[in-house]
Every structure is written in C-alpha cells, then in structure tokens.
1. Does S367 satisfy the condition of being part of a helix (DSSP H, G or I), surrounded by fewer than 21 Cβ atoms within 10 Å (Cβ to Cβ) and among the hydroxyl-bearing types (S, T, Y)?
2. So which residues in the stretch 225-260 are modelled with pLDDT under 70 and in a loop (DSSP other than H, G, I, E, B), if there are any at all?
3. Determine, yes or no, whether T21 is at pLDDT 80 or above, exposed (fewer than 15 other Cβ atoms within 10 Å of the Cβ) and touching a helix residue (DSSP H, G or I) at 6+ places or on another chain (Cβ under 9 Å).
4. Return the residues of the stretch 295-322 that are in a loop (DSSP other than H, G, I, E, B) and open to solvent by less than 10 Å² (accessible area, probe 1.4 Å); say none if nothing qualifies.
5. Can we say K458 is open to solvent by 60 Å² or more (accessible area, probe 1.4 Å), more than 30 Å from M544 (Cβ to Cβ) and more than 29 Å from the chain's Cα centre (by Cα)?
6. Does E292 satisfy being on the phi < 0 side of the Ramachandran plot, open to solvent by 30 Å² or more (accessible area, probe 1.4 Å) and touching a residue at least 12 places away in the same chain (Cβ under 8 Å)?
7. Can you tell me how many residues within the stretch 261-293 are in a strand (DSSP E or B), more than 16 Å from the chain's Cα centre (by Cα) and of a type in the set (S, T, N, Q)?
8. Please enumerate the residues belonging to the stretch 382-402 that are part of a helix (DSSP H, G or I) and under 23 Å from D451 (Cβ atoms).
Amino acid sequence: MPVHFLRPGDVSMVSALGLSTGVHRSDASRTLSRLLEIMSTFNPAVTTLLPEQRSLLKEAEKLAISLNDNEWKLLLLFVPVDELCVCPGQASSAVDSAVHSVEEALDKLHEKLDHTLVHVVVWGGQVDAELHSGDGACSCQHEEDFSARTRNWHRLARAILMGALQESLGALLQRRGWWSDREDFSVVLQSSPTYIDSSLQPTQAKSGFPCPSQERPYLLTQRNSPSADLQPVPMMGTSLSCTHKSPSSSVPTSVHALRPADITVVGALGDSLTAGNGVGAAQNNLLDVLKEYRGLSWSVGGDSSLSSVTTLANILRQFNPSLTGFSTGEGKATTTQAFLNQAVAGAKSQDLVSQARALINRMKSDSRINFQNSWKVITVFIGGNDLCAYCTDTAYYSATNFANRIRDALDILHSEVPRAVVNLVEALYIIPLRPLHQDSSLGCPTWLINDICPCVVKPAEGSSELQSLININRAYQSSTRNLVNSGRYDTRSDFTVVLQPFMRDLVLPLLSNGKPDRSFFAPDCFHLSQKSQALMARSLWNNMLESISSKTASLNFQAGVTAKCPASSSSYITTSKNSRAVYQAVAAAPSPVTPSTEGGDSEPTGVSTTTSEVVLPLASDSRLDSVPSWTPALLAVAGLLIAVVATWLVMHHRKWRKTMRNQRPSSQEMKETPL
C-alpha cells in the first residue's frame with residue numbers, strides 16, 4: 001500500500017523527534033500523548049516510542065534502529081523555535097542551521113526506515129510565551145532586561161523566525177521531492193506553525209490533522225493534500241506509468257533503433273534557461289535569479305525524482321535507473337554537480353563550440369561513462385540572448401550566422417561523439433513574453449530586463465523595430481530547420497540530430513483577470529520558474545516520441561502538457577530515418593508495369609510521378625532492430641534501377657507502337673486505294 005493511501009487505522013507506531021528542552025518539552029509531550037489517544041480510537045493496538053533527548057540526527061539514528069520493521073509508522077519531527085538564536089544579525093544563520101539539521105535527520109530516516117510517514121512541525125509552544133534564556137538560548141539574551149517593550153520585541157522576533165523557518169523547511173521539502181521517491185516513505189510539512197493556546201486545556205492542542213472523511217480518509221501527504229487539489233496550475237512532478245519500458249534485447253548499433261531504456265547518458269548545452277537560473281527562486285527574491293538550479297533544469301536536471309521534479313533526465317530514469325550525466329543541486333558549469341550540463345548563463349550561439357568541447361572532455365574523463373559504447377542524448381537549446389542583442393548588430397546576429405554557429409558546434413559532436421542523438425530545440429518565440437513588461441501593475445523589474453534584453457522589451461507595439469524582431473525570430477527558427485533537414489548529420493548510423501519544435505510558438509499563461517501569471521516565471525519575469533520548466537521537459541519528451549512530420553510545434557502554458565508513453569514495446573526515439581522507414585520500403589518495392597491494351601499512349605498503371613511522405617507510427621516495427629543501417633540505401637538504389645528499367649520498357653513500347661502506326665495506311669488512304 002502506498003504511503004499516500006495510509007489511513008489512521010493502518011498506523012501501528014507513533015513516535016517523535018526534536019522534543020524541545022526546558023519548559024516546552026512537557027507541552028510537546030502532552031500534544032503527542034493526545035495524538036496517540038486519537039490514533040488509538042482507530043487502532044487500539046497502536047504504541048509509542050520516544051528516543052532519549054539528544055541531537056536531531058542522533059535521535060533519528062536511534063529510531064531507525066528501534067523501528068526497523070514492516071509496520072506503518074507515523075513520526076512527528078518537531079522543530080522548536082524557542083531554541084533558535086534571535087540575537088541581531090544571527091537569525092538567518094540560525095534558520096539555516098536548523099534546516100540543515102532537519103535535512104540530515106530526514107536523510108537518515110529515509111535511508112533506514114520503510115513504511116513511514118513523517119510530519120514536520122514548526123513548534124511554537126505556548127502562543128503567549130517569550131523566548132527563554134534556557135540551555136538553547138543565545139548568550140545575548142542573558143543580558144536582556146525583559147521589560148514589556150523587550151518582551152514584545154522578542155515575540156515579534158519569534159513570529160518572524162517561525163515564518164522564516166516554515167518557509168525554509170517548505171523549500172527544503174520541495175527541493176528534495178518530499179522524500180517521496182519510494183511508495184512507502186514520505187514527508188509532509190504542517191501547513192502552519194503549531195501553538196498551544198494557554199487559554200485552552202492541553203488536550204485541545206492543534207495536531208494539524210483533519211478528521212477522516214469518506215472523501216478524504218487518508219493521513220495527509222503532499223500528494224493527497226486537499227490544498228493540492230486547489231492548485232490552479234500543473235504540479236511540478238509528473239506521474240508516468242508506462243507499460244513499455246524495456247530496453248532492446250541487445251545494445252543497438254543504429255540510432256534509428258534506439259529505445260528510451262537504451263539511453264544511459266544525458267547531457268545539455270545552452271544558456272541560462274538550461275543552466276537553471278532562478279528556477280527554484282522564491283517569487284519575490286530577485287537575487288535568487290543569479291543562482292543556477294541545475295538539478296531542476298528541464299532537459300538535464302536530476303534532483304529528487306519525477307514525482308516532484310519533472311525533467312527529461314528524470315523521465316529517462318523511469319526507463320533506465322542507471323542513467324548518468326544529469327546535474328544536481330546548484331552551481332556553475334565547472335562544478336562537479338553540473339556534470340554534463342555544460343550550459344552557461346548568458347551564452348549565445350557563438351559559445352556553443354566551447355561548451356561542446358567541455359562536454360566531450362567530461363564524458364571522456366568520467367569513469368561512469370563508456371564513451372564509445374554508451375548511448376547518449378544531448379539537448380541543445382540557444383537563441384534567447386542572440387535575440388536580446390540582435391538590434392545592436394543586425395549583421396553579426398543574422399539568421400545565417402546564428403545557424404552557422406550552431407552548425408559548428410554540431411559538427412564537433414558529429415565528428416567526435418559516438419552513439420548519440422542530439423535534440424536541437426528550435427529557438428523559442430520570444431514575442432509573447434513582452435506583455436510581462438508592459439503592465440506596471442505586475443511589479444516586474446522591467447528596468448533590469450531593459451538592460452539585459454533591450455531588443456525584445458524596448459520596441460513599441462506596431463513599430464518597425466518590433467517587426468524586425470519578429471522577422472529575425474522566425475528566421476532563426478527556419479534556419480535551424482534547414483540545417484537539420486539538409487541531412488548533414490545523417491551520414492553515420494550511430495549519430496543524428498533531430499529538430500524538436502515545441503518552442504516554435506508560445507501561449508502566455510494568464511490569470512482570470514487577463515493579466516500574465518507570474519508564477520510561471522522567475523522573479524525577473526524573464527527566466528522561467530519550475531512550473532514552466534516542467535512543461536518544457538514534458539514537451540521535449542513528447543517531441544522525442546512524435547514522428548518527424550507530426551511533432552507538436554507549440555507550448556501552451558495555460559493548457560499544460562501531459563507526458564506521453566511509448567506506443568509499444570518496440571518504440572524508438574524518432575529520427576528522420578525511422579519516421580520514413582515504411583515509405584522507403586514501399587518506394588523500393590517494384591511496381592507492376594501494365595501497358596494499356598486499348599490503344600493510345602496512356603501511362604502504365606502502378607507508376608506515379610509524385611511522392612508523398614508516409615509517416616511511420618511511433619516504433620511500429622520491431623524488425624528495425626535487426627536491419628543493417630545500409631539496408632534502406634541499398635533498397636532505394638534497387639528501387640531506382642527497377643524504375644529505370646520499367647521506364648525504358650515503357651518508352652520502348654511506345655516507340656514500337658508509333659512505328660507500327662506509321663507503317664499502317666490511314667483510313668483515308670484505304671478509301672482511295674482501288675481494290
């Protein structure tokens with residue numbers, strides 16, 4: 001049974017960590033006793049076990065030893081605010097330290113325990129109590145004169161600390177995916193800090209658990225939370241229950257017979273949208289846009305799991321848990337945790353060559369990667385910064401130069417990287433993002449974007465400058481399509497470049513009042529938040545499964561995107577060649593030549609003067625696994641020879657008929673010839 005369907009009666013053990021010292025410990029203990037009393041009404045056999053008072057990590061280790069069984073356990077992890085230091089200038093570090101301790105304890109519980117639900121509680125004790133100068137207090141508090149004015153200041157400070165602690169713990173749990181990568185373990189944060197009202201009896205303390213009902217009979221988790229149902233936007237995570245997840249029976253030798261589970265390495269090149277700038281930033285924290293949340297990056301991030309962080313890498317890990325190359329945490333491209341995410345904030349198309357070389361060096365030097373034999377997916381996405389600078393030098397940032405610079409990077413990958421499929425994501429259509437900076441009521445820092453992206457933000461509506469921007473934006477897109485369609489990267493059976501067009505057109509997300517929904521964007525209203533990056537990841541994945549002629553070429557933030565599954569057990573990542581495999585087989589087959597028997601110069605049946613693309617349904621023929629890469633070319637040549645012979649026969653037949661007609665007397669001549 002998954003933890004998200006855990007009912008009160010299923011719980012056999014209740015325990016707690018982090019019970020505060022001193023005056024508030026008895027309050028927390030009474031609250032726990034009351035909870036046990038409530039739980040026993042659902043399961044009379046429920047028991048409790050409390051570890052000895054020590055550090056949070058030590059308590060977690062002790063519980064992990066004592067509770068290691070297959071019975072369902074409910075743990076309360078108290079984070080007491082009265083043990084935080086509130087001396088001037090130390091509040092932020094105190095919150096960070098407390099959050100770090102909670103993370104360590106949760107990691108230990110997650111590692112050692114199964115069948116466990118942990119509720120994290122920011123504990124405030126008595127609602128009207130001051131911060132006491134007990135064992136956990138700061139030295140500065142001993143010198144305070146607790147006058148009425150000082151007491152009020154401490155109460156305000158505690159309220160601010162509790163809010164900061166609640167927010168920081170929420171960010172931690174979200175970043176770590178609520179520790180829900182397994183079905184038998186999860187962590188949830190109480191929706192608000194917990195107090196005991198001194199005017200009430202201890203048994204009336206708020207436990208934070210809603211009463212079971214027919215509609216909601218389960219203990220609260222993030223996934224089944226009632227508040228989650230009220231979210232007007234898609235969740236960050238993705239539920240992907242695909243039937244066909246097996247790899248090929250043997251490692252493929254052709255990129256055109258590559259299944260998702262065959263992929264073992266993932267990497268990426270690009271700019272700040274791939275580096276992850278601001279993806280995990282709080283809505284009002286502009287400074288956080290400087291942070292590169294690479295673990296949340298849409299194409300290559302590997303933080304947490306798919307249930308809470310939607311990225312292409314996390315999707316591929318559903319098919320191959322041994323996938324490597326993905327980035328985690330925060331940091332620059334040069335950091336260890338960036339791994340094969342070699343995107344650089346501020347990069348333009350001219351920077352892709354150096355990124356490609358850095359990517360290759362990392363792949364070759366890492367012992368986890370079999371450079372020659374591992375199948376790789378590399379995603380390349382660039383263009384936003386080129387568009388931002390276009391009006392400053394239209395010649396340098398021309399569409400031709402843009403495509404040529406991408407070509408130079410792809411040529412390096414094509415020349416040096418074996419067994420790879422490269423996703424070249426079409427440049428985004430940037431025009432729909434302009435309304436974010438045309439309505440001052442949104443509070444976007446337009447002054448900042450005017451500085452870093454003037455060519456997009458500054459042109460007036462209806463101006464020639466705006467039309468020029470639109471034209472170059474579309475030209476960037478068409479030039480990369482032409483590059484890929486040229487077949488330049490289809491000269492080897494183990495390498496190809498596939499254009500993924502889902503960013504060709506964008507639909508800006510709007511609120512009910514018609515204004516842009518800022519929650520899809522980072523605090524600068526330019527970079528994308530995790531919501532948007534989740535949609536991009538699903539869209540890229542879907543593009544990889546869609547045939548060349550029917551790829552989704554737009555992204556509607558408003559409507560959301562549902563991730564697809566491979567159609568069959570023999571489904572392949574689509575390429576230009578396997579999308580046309582059926583057509584090639586049909587075109588190569590001999591067509592019967594049937595000369596007309598009714599006279600005249602009619603065309604033979606079975607011969608067509610035009611062709612149209614026949615789209616192969618996604619991975620519909622498992623026989624492609626065993627077909628050599630040169631077979632389609634051989635069949636095509638054979639078909640051409642047959643067509644030439646057929647044409648010669650037809651022409652020869654026509655010439656023979658014409659000769660015969662010339663040798664016959666006309667009807668008029670027959671009339672004039674005497675018998």
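1. Details: part of a helix (DSSP H, G or I): no; surrounded by fewer than 21 Cβ atoms within 10 Å (Cβ to Cβ): yes; among the hydroxyl-bearing types (S, T, Y): yes.
Spelling it out, it is not the case that S367 is part of a helix (DSSP H, G or I), surrounded by fewer than 21 Cβ atoms within 10 Å (Cβ to Cβ) and among the hydroxyl-bearing types (S, T, Y).
2. Quick first cut of the stretch 225-260, residues modelled with pLDDT under 70 only: 225-235.
Within the stretch 225-260, S225, L230, Q231, P232, V233, P234, M235 qualify.
3. On the way: at pLDDT 80 or above: no; exposed (fewer than 15 other Cβ atoms within 10 Å of the Cβ): yes; touching a helix residue (DSSP H, G or I) at 6+ places or on another chain (Cβ under 9 Å): yes.
For T21, the condition - at pLDDT 80 or above, exposed (fewer than 15 other Cβ atoms within 10 Å of the Cβ) and touching a helix residue (DSSP H, G or I) at 6+ places or on another chain (Cβ under 9 Å) - is not met.
4. Keep residues of the stretch 295-322 that are in a loop (DSSP other than H, G, I, E, B), which gives 297-300, 302-311, 320-322.
Within the stretch 295-322, S297, W298, S299, V300, G302, L306, V309, T310, T311 qualify.
5. Details: open to solvent by 60 Å² or more (accessible area, probe 1.4 Å): yes; more than 30 Å from M544 (Cβ to Cβ): yes; more than 29 Å from the chain's Cα centre (by Cα): yes.
So K458 passes the test.
6. On the way: on the phi < 0 side of the Ramachandran plot: yes; open to solvent by 30 Å² or more (accessible area, probe 1.4 Å): no; touching a residue at least 12 places away in the same chain (Cβ under 8 Å): yes.
Answer is no for this residue.
7. 1
8. So in the stretch 382-402, the residues part of a helix (DSSP H, G or I) come out as 384-392, 399-402.
Once the filter is applied, which keeps residues that are part of a helix (DSSP H, G or I) and under 23 Å from D451 (Cβ atoms), the stretch 382-402 yields G384, N385, D386, L387, C388, A389, Y390, C391, T392, F402.
The values are calculated or read from the model by the stated rules, or taken from the named source; none is laboratory data. Here the structure is a predicted model, which is why all the values come from computation and not from measurement. Note that each Cβ is placed from the backbone with ideal geometry, even for glycine, and that neighbours are counted across all protein chains shown. Just the protein is used for accessible areas: all its heavy atoms, side chains included, with ligands, DNA and RNA removed. Shrake-Rupley method; radii C 1.70, N 1.55, O 1.52, S 1.80 Å.
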